[in-house]
Structure formats: C-alpha cells, structure tokens
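Participant: I'd like to ask you about the structure that follows.
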Amino acid sequence: MTKKENLAWQYSTVTHDAVDVRHHGAINVPIYQTSLFAFETYDQFQQAAQHSQHTPVYSRGYNPTVRYLEEKLAELERAEMAKCFASGMAAISAAILSTVRTGDHIICVSQAYGPTRMFVTQYLQRFGIDATLVDGSSLDDIRAALRPETKLLYLESPTSMLFQLQDLAACAELARSRGIVAIADNSWATPIFQRPLELGIDLVVHSVTKYISGQSDSVAGVVIGSEQLVSRIAEDEYMLFGGIMTAHSAALITRCLRTLPLRMERHEKSALAAAAHLAGQPYVARINHPALPSHPQHALALKQMNGSSGLFSFESAESPEKMREWANRLKYFKIGVSWGGFESLVTVNPAVPGCAPEARSLIRLHIGLENVDDLLQDMDQAWTDVKDLQL
Ligand SMILES: Cc1ncc(COP(=O)(O)O)c(C=O)c1O
C-alpha cells in the first residue's frame, strides 16, 4: 500500500461509522456511565454472565463506550482484538505477564521505555523470571541472548530517546521459529505509520496517552493482537488486576482518534522541518530521527514504516547546563515529560552511551501542532540569548 493509499484508508477508518440505530443515530457513542447492567429476568442475567467479555454485565469486562474504542483501535492496527487499559504501563505489564511464568526468561531491548525495563529486569525477578537487555539494532545480539527458557521478545521501535529501530519482520521470524511471543511498543509511529502485527509481531502495545489521545488530557493504554492472545489477557490480567479504562476516558480518546491521521501528518511535516533547521545550527552535533538519511537505520525505517512522528532528539557538544538555559528561554516549547500532544516539549539530559563521542547533552524535542515557523524562530532566539554564556 502506498503512503497515500494507507492514509486514505486510515482517514476513512477513524471517521466513518454506519448509522447506530441502538443510539437513535447519535453520531457519537454515548458515555455509558454505569458500573453494571441490569436484566429483567434471571435467565437473561445468567446467559449474559456466561459471556461477560462480549456483552454488558459489569464495566470491568464490557462497557459499550470502551468497546467502541477497542474495535476502532483493532481496526487501525488491522487486528482481531484490542483491550484498553488505564495506562500504557497497565497495558504493557499485562501483556508481558500474560507470556511468562516462574523460571522463564525475557529478552528486552536495552533502550526500551525505563519503567518497562524496570518491570522486566527488577520487578519480575521476585517471581523468578529473568531478563536480558540487548542491543535491539543487532539481530545477532538478540540471537545470542536466546535460552531454552526464553518466552518473550520485547521490542520498542523506534525507542524514544535515541530512536533506535529493530527489524520487526526479522525479530518476528526469529521469535516464531523458537516458539517465543514477540511484543512491540508502537507508541511512536502509531498504526498510521507502522503496523507491527502485519510484520509478524504477536502483540502491539501503546501508550494511548501519547499520539492516539493527542490532547495531553488522558492517561491510557491498549494491547492489540489476535483474539486468542488478547482474549486470554482480557480474562486474566485485565479482569484480575482490574486496570480498566473508564467510559469517560474512552469517550475522550475516541473524540481524539477522529483526528489521528490529520495530526500525524502535521507532526511529521513540522518535525522534519525542525530537524532540517537544527541540522545547520552550531549547537547541534547529531540528530536522531529515523526519517533522516543520516540515521544509521534509515533504510530499515523506510522498509517498515511509512511515515514518522513529531518526537526526535539531537545531541550537542554544549554542556547540559547551557542547553538547559537554552530550554529555559524557549517560549513555545514547554519543559516536561511525555509527548504526543498538541504542544511542543523539550527535555535536556546529559549524553548517554550511544551518543556521538563529542556529545555532552541529549536534547529531546516533541514538535507539536503550533505554527512551525514560530518554533524555528523560538529555537533561534533562545540560542542567540545563551550562545555566549560560559557554562
Ligand atoms: C514509549 C513509551 N511506552 C510506554 C509508556 C508508558 O505509558 P503510560 O505513561 O501511558 O503508562 C511511555 C510513557 O512515557 C512511553 O514513552
């Protein structure tokens, strides 16, 4: 599918529904603000209770507002089933736990989101589950970490600080050949620009908090995949830990989903303009953005994604102290964690292993939906202000 065909299909998926006769043709699914659903007869109740994942009985199981969003997200990832959770971490921990038992081993990419790494390398240790962190850009490294008891390969492509990719199709093939489940965090690209399930990955997880929500007003997550794998998670980790998405959150996120392709096109365009502008600046040593030909895995990015989002980083030979002064002077960029919303964001950290040798600082930018020329001028005026500071 070309990029144009893909976007045409995604636009139609997020905007088109048949007239919903259940709700008098209401163009938006109502918010089912209810914990339980009542029945007129005991027979009806007992019948429904046997199918509580598929029919309204109790909202920690099936809520029609949440179910509508789940069906849309499954459709966008071209999957059989999706289950929404209270946060990205609730979705990620549930998905991981569904694949392992005491004595098992997990392989996880070393640049995965911090709390995900902490979950697999520290928290799960107390249940006798071991983990190895690997360089996700090297299939050899992943292969070398395999053990007879390995049950899960956990991927995040691209990663969200240095934007390293994993070859999803090759990883999926390796995992399948060893009977291992492969999970991929697809929060950065969203189903608009990357669909790991089509490349053979078993389960996709999202921090819905990021682009899918896109308004920085919700914390949410989702697990997406085959009915076999996701319904098991729905019956076990979802029902037993109870980290559910509320109907109110689902309604807010559905509202945001209508504009997901539109926003992603804008984030992509503006972030590429910002990266091009930064490439000529004296304070920039290297830019980490998979859509740039200078990215070491650019060919892989073109192979497995058909677009890019608004989050990238650059490295600077200037000190973190000086770059924090630069960040302090930015007028449009807010200093803060997270990403995927309408607003531009900046964080400044000391350089990490994997940065260029001359780099002292790693600056992550989220390019929001503002007028991009304002953002470029903002970065310039902040640099003019700090360039002579001795820090
Ligand atoms: C790549 C990635 N995955 C998962 C998460 C966790 O999602 P949440 O904060 O919704 O729990 C985050 C949060 O920042 C993230 O950046």
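Participant: I want to confirm something. Restricting to the stretch 163-173 and keeping residues that are open to solvent by 20 Å² or more (accessible area, probe 1.4 Å) and more than 12 Å from residue 202 (Cα to Cα), which single residue is farthest from the ligand (Cβ to nearest atom)? If you could, list the steps in order and put the result at the bottom.
Facilitator: Taking the stretch 163-173 and keeping what is open to solvent by 20 Å² or more (accessible area, probe 1.4 Å), we get 164, 167, 169-170, 173.
Still in the list and also more than 12 Å from residue 202 (Cα to Cα): 164, 167, 170.
Details: 164: 12, 167: 18, 170: 21 Å.
Looking at the filtered set, the residue picked out is 170.
Participant: For the structure I just gave you, tell me whether residue 248 is in contact (Cβ under 8 Å) with a residue 12 or more places away in the chain, open to solvent by 10 Å² or more (accessible area, probe 1.4 Å) and within 28 Å of residue 10 (Cα to Cα). I'd like the intermediate steps shown before the answer.
Facilitator: Details: in contact (Cβ under 8 Å) with a residue 12 or more places away in the chain: yes; open to solvent by 10 Å² or more (accessible area, probe 1.4 Å): yes; within 28 Å of residue 10 (Cα to Cα): yes.
Yes.
Participant: Follow-up question, since we're still on this one. Could you figure out which of (1) touching a His at 6+ places or on another chain (Cβ under 8 Å); (2) within 16 Å of the ligand (Cβ to nearest atom); (3) among the charged types (D, E, K, R) isn't true of residue 149?
Facilitator: (2)
Participant: Please verify whether the stretch 21-44 includes one or more residues that are open to solvent by 40 Å² or more (accessible area, probe 1.4 Å), at positive phi and part of a loop (DSSP other than H, G, I, E, B).
Facilitator: The answer is yes, given that some residue of the stretch 21-44 is open to solvent by 40 Å² or more (accessible area, probe 1.4 Å), at positive phi and part of a loop (DSSP other than H, G, I, E, B).
Participant: Next question. Give the number of residues within the stretch 193-210 that are open to solvent by 10 Å² or more (accessible area, probe 1.4 Å), within 18 Å of residue 169 (Cβ to Cβ) and either within 12 Å of the ligand (Cβ to nearest atom) or not in a helix (DSSP H, G or I) (or both). Give the steps one after another, and end with the answer.
Facilitator: Just the residues of the stretch 193-210 that are open to solvent by 10 Å² or more (accessible area, probe 1.4 Å), to begin with: 195, 197-200, 202, 207, 209-210.
Going one step further and asking which of them are within 18 Å of residue 169 (Cβ to Cβ), we end up with 195, 197-200, 202.
Still in the list and also either within 12 Å of the ligand (Cβ to nearest atom) or not in a helix (DSSP H, G or I) (or both): 195, 200, 202.
Total meeting the criteria: 3.
Participant: So residue 313 passes all but one of these: (1) among the hydroxyl-bearing types (Ser, Thr, Tyr); (2) outside any strand (DSSP E or B); (3) open to solvent by less than 10 Å² (accessible area, probe 1.4 Å). Which condition number does it fail?
Facilitator: In the conditions (1) among the hydroxyl-bearing types (Ser, Thr, Tyr); (2) outside any strand (DSSP E or B); (3) open to solvent by less than 10 Å² (accessible area, probe 1.4 Å), residue 313 misses (2) alone.
Participant: Please determine whether any residue of the stretch 112-121 is within 13 Å of the ligand (Cβ to nearest atom), open to solvent by 10 Å² or more (accessible area, probe 1.4 Å), free of Cβ contacts under 8 Å to residues at least 12 places away in the same chain and out of contact with any Phe, Trp or Tyr (no Cβ under 9 Å at 6 or more places or on another chain).
Facilitator: Checked the stretch 112-121: at least one residue is within 13 Å of the ligand (Cβ to nearest atom), open to solvent by 10 Å² or more (accessible area, probe 1.4 Å), free of Cβ contacts under 8 Å to residues at least 12 places away in the same chain and out of contact with any Phe, Trp or Tyr (no Cβ under 9 Å at 6 or more places or on another chain).
Participant: Can you confirm whether the stretch 53-62 contains a residue that is over 23 Å from residue 239 (Cα atoms) and either open to solvent by less than 80 Å² (accessible area, probe 1.4 Å) or touching a residue at least 40 places away in the same chain (Cβ under 8 Å) (or both)? Before the answer, list the steps.
Facilitator: Step one: list which residues in the stretch 53-62 are over 23 Å from residue 239 (Cα atoms), which gives none.
No, that holds for no residue.
The values are calculated or read from the model by the stated rules, or taken from the named source; none is laboratory data. All of these numbers come straight from a predicted model, not from anything done at the bench. Glycine also receives a Cβ, built like all others from the backbone with ideal geometry; neighbour counts cover every protein chain displayed. The accessibility values were calculated without ligands, DNA or RNA, using every heavy atom of the protein model including side chains. Shrake-Rupley method; radii C 1.70, N 1.55, O 1.52, S 1.80 Å.
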